[in-house]
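These notes are about the structure you will find just below.
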Amino acid sequence: MENIDEATYHDLFNQIIETINSSRFAAFKAVNKHLISLNFEIGKLIVDSQTENNWGKSIVDTLSKDITKIIDGKKGYSPQNLWNMRQFYLEYKDESALQELALEIPWGHNMLVIHKIKDKTEKMFYLKASNEMSWSRSVLLNQIKAKAYERSLLNPKQSNFEKALPIHLSEQANEALKSEYNLDFLGITSPILERQLENKLIENIRDLIMELGYGFCFIGNQYRLKLNEKEYFIDLLFYHRILKCLVAIELKTVEFEPEFAGKMNFYLELLDEQVKTEDDNPTIGIILCPEKDDVAVEYALRTSSKPIGVSEYKLTHNLPEQFKGKIPNKEELIRMLTQAKKL
């Protein structure tokens, strides 16, 4: 039997699997775009016919029955789905930008956005995020419930990606980074130590990956690095399939301090030298804190040569009883923010 180098074979195998998956994904996107366009056109035909012929609601039930006699798939052309197609057309017929984004995500995602979100700008946010981060329908629903759009307004993203990465990669990295992460799934309602928080996240690794977004693959926690005789440990280490780079995450249970960025910069240097492969892009660091001062973060990242993002996390949405009615809720804060922008 021919002597095959195991490492070389492993690289070849991974390249073939990646090529197959990429081809399948491209085929899915093409088919999906065609189906969404078809639903849009059906919705247009229904609306135009109702307008021209002064037809009422019963035409949809009649169409559903007659279509399913000819076309297989009763579920696809049920009265409810035809009504959804009609609504889809009405929602986006005069919104070319929204329509273009809607063509890129599955039908179920589109229906979720239409039924849950009314504001045009907010729709744009979820359509764009679903496409660029390949959110599943359940992840999209979780993001809507967690008010990801509102959180993005109140807490803008902070990183030095633009300075530390090539422009094409910095844009992708910025899309993968969130301004705030919702860790409500941990069920933590009282102060917790960093190691306890880490252990909780490992116990709920599936939920954590869903919250981080598409492309994150877990490598390990307390990942050991060594320099001379001293050891260093990274809280969480991931590989991002889309960015094609390692992602180091450091967990903090106190407000952001400038030295956090210096420590992360040091870890990224070690990872790039000891773990990163030739084909990988530069390693990215994410510092998660319960709160941060935006000005302190900005100054701390100015001197960091490695790509670092700083985000907040929330452990629970339940407000303690003693604070209820005494501080503004999210809706009030968003209204205040919007008013301030107009001034």
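The values are calculated or read from the model by the stated rules, or taken from the named source; none is laboratory data. Note that the coordinates shown come from a computational prediction; the quantities given were computed from them, not determined experimentally. Here the Cβ positions follow ideal geometry from the backbone for every residue, glycine too, while neighbour counts run over all protein chains shown.
Kindly indicate whether any position in segment 183-200 is under 23 Å from Asp293 (Cα atoms), among the charged types (D, E, K, R) and under 14 Å from the mean Cα position of the chain (by Cα).
no
Please enumerate the residues belonging to segment 173-192 that are more than 15 Å from Ser134 (Cα to Cα) and either part of a loop (DSSP other than H, G, I, E, B) or of a type in the set (D, E, K, R) (or both).
Once the filter is applied, which keeps residues that are more than 15 Å from Ser134 (Cα to Cα) and either part of a loop (DSSP other than H, G, I, E, B) or of a type in the set (D, E, K, R) (or both), segment 173-192 yields Ser179, Glu180, Leu183, Asp184, Gly187, Ile188, Thr189, Ser190, Pro191, Ile192.
Residues in segment 173-184: is at least one in the same structural domain as Pro307 (by TED's automatic domain parsing) and more than 17 Å from Gly309 (Cβ to Cβ)?
Within segment 173-184, one or more residues are in the same structural domain as Pro307 (by TED's automatic domain parsing) and more than 17 Å from Gly309 (Cβ to Cβ).
Go through segment 54-86 and give me each residue that's modelled with pLDDT of 90 or more and under 28 Å from Phe25 (Cβ atoms).
Asn81, Asn84, Met85, listed by residue number.
Residue by residue, here is whether (1) under 15 Å from Pro290 (Cα atoms); (2) assigned by TED's automatic domain parsing to the domain that holds Ala296; (3) small (Gly, Ala, Ser); (4) not in a strand (DSSP E or B) holds:
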site: Glu171; (1), (2), (3), (4): no, yes, no, yes
site: Glu250; (1), (2), (3), (4): yes, yes, no, no
site: Ala261; (1), (2), (3), (4): no, yes, yes, yes
site: Leu271; (1), (2), (3), (4): no, yes, no, yes
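If you go through segment 201-218, how many residues are crowded, with 18+ Cβ neighbours inside 10 Å and either of a type in the set (Gly, Ala, Ser) or part of a helix (DSSP H, G or I) (or both)?
Matching residues across segment 201-218 total 7.
With surrounded by 13 or more Cβ atoms within 10 Å (Cβ to Cβ) and either more than 28 Å from Glu132 (Cβ to Cβ) or in the same structural domain as Ile117 (by TED's automatic domain parsing) (or both) as the only criterion, which of Ile42, Ile20 stands out?
Ile42
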